[in-house]
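The values are calculated or read from the model by the stated rules, or taken from the named source; none is laboratory data. Small disclaimer: the values here were computed from a predicted structure and weren't measured. For neighbour counting, all protein chains shown are included, and Cβ atoms are generated from backbone atoms with ideal geometry for every residue, glycine included. When the accessible area is computed, the model is the full protein with side chains, heavy atoms only, and any ligands, DNA or RNA have been set aside. Shrake-Rupley method; radii C 1.70, N 1.55, O 1.52, S 1.80 Å.
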Amino acid sequence: YTILSKVHSDRNVYPSAGVLFVHVLEREYFKGEFPPYPKPGEISNDPITFNTNLMGYPDRPGWLRYIQRTPYSDGVLYGSPTLENVGKPTIIEITAYNRRTFETARHNLIINIMSAEDFPLPYQAEFFIRNMNVEEMLASEVLGDFLGAVKNVWQPERLNAINITSALDRGGRVPLPINDMKEGVYVMVGADVPFSSCLREVENPQNQLRCSQEMEPLITCDKKFRTQFHIDWCKISLVDNTKQVSTFQEVIRGEGILPDGGEYKPPSDTLKSRDYYSDFLITLAVPSAVALVLFLILAYIMCCRREGVEKRNMQTPDIQLVHHSAIQKSTKELRDMSKNREIAWPLSTLPVFHPVTGEIVPPLHADTYDNTSMPLMQTQQ
């Protein structure tokens, strides 16, 4: 992998296809492009952000990514060049923005992609590291430690870092800002020898069952990574390109000439008139007539075919009719009683003693008063 720690104007770099390319945009270099700090003697620590794009285009090439966490950290360009770009110089425009003075500085980075001798490496393994962010993994010392641990487990003759991808680019979720949680990073490495028995242990049925139950698989070489890297062995991907059958089919291209279809004959200038009355009848009149007939049939069934009260009473049991008649009669009697509200209160509801003096109060009406039709309650006078 290539590590470039300095940025210069119109600098040429020569990465290899299929090998991880990393380019660091250091803020210290771009500080010299901007005016000094307003107060003499104070150290300049201006917030600086970078914008990178392919010359003549608004964005970068598809294989090249860029990350910068904060305006006070360095920016990093990283990615894995492809064989399609071999021999074609890629000019990246780097624009630095000073967020204090709003000034800009522009530099060009010319990427000349070289072809690798044994690209692609036939055996590729992708690891998911849970306790790392992508910019932490791109540091030369951290990536070197990881490749050293993989080399001890794999024992290959050649080992290269092919690509690094953030878990957020794979659909991962942003971690909570507690306990210094990391987003995770995928690291793909390639080698020229088959996978070791330790890497094959994740394919065991016991470990596959543990992964399906969201349990950690039992990997013998995990302790060689656990001191610095927490690897999710259930997400490891092992690809053997030597066993993959190519499904590419050669495309047979023609001459690019359409077959002769004869001489073109345009339509005549004199067009005959056409009567659309029949089309109107078929489109509007016929459906309207059918709808009207259906409406009349439905109206006849709903309104003219009613059976009537007599037929209903004939089909109803006598006991049910008696109950219904009794309910109607009682309802009518209660309504008639509620209309008569001018009769005096019953004696059972009147006070016997005067509420102030305590003397016995005579009844308001004679004892011969007929109270058989008197309601239990009456409006207060």
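Once both labels are modelled 7 Å past Cα along the beta-carbon direction, what's the V13-E157 spacing in nm?
Simple spin-label model gives 3.0 nm for this pair.
Rg/Rh for region 9-111 to two decimals, with Rh computed the Kirkwood way over all alpha-carbon pairs.
1.03
Could you sort the peptides 227-233, 184-190 by per-residue average Cβ neighbour count (10 Å cutoff), highest mean leading?
Result, highest mean first: 184-190, 227-233.
Which listed residue (L238, N207, S196) has the Cα farthest towards the positive end of the charge dipole for region 121-241, taking +1 on Lys and Arg C-beta and -1 on Asp and Glu C-beta about the Cα centre?
It is N207.
Skip the ligands, DNA and RNA, and give the accessible area per residue of region 121-241 with a 1.4 Å probe, whole Å².
That works out to 50 Å² per residue.
In Å, what Rg and Dmax follow from the Cα atoms of region 68-226?
Rg then Dmax for region 68-226, in Å: 19.2, 61.
So between S288 and K272, what do we pick up on full extension, going 0.36 nm a residue minus the alpha carbon distance?
Net length gain for the segment: 2.7 nm.
Pop out the carbon and sulfur fraction of the accessible area of region 121-241 as a percent, whole number, probe 1.4 Å.
Carbon and sulfur together cover 50 percent of it.
For a quick protection proxy, order the peptides 77-86, 152-161 by their average other-Cβ count within 10 Å, most packed first.
The peptides rank, most packed first, as 77-86, 152-161.
For region 85-150 and region 188-242, write down the distance between their C-alpha centroids in whole Å.
That distance is 25 Å.
Just need log10 I(q)/I(0) for region 158-243 at q = 0.17 Å⁻¹, Debye formula, equal scatterers on the alpha-carbon atoms, no solvent, rounded to two decimals.
So the normalised log intensities work out to -0.91.
Treating only the Cβ of Lys, Arg, Asp and Glu as charged (+1, +1, -1, -1), what charge dipole size does region 9-111 show about its Cα centre? Round to the nearest 20 debye.
Once rounded to the nearest 20, the dipole reads 140 debye.
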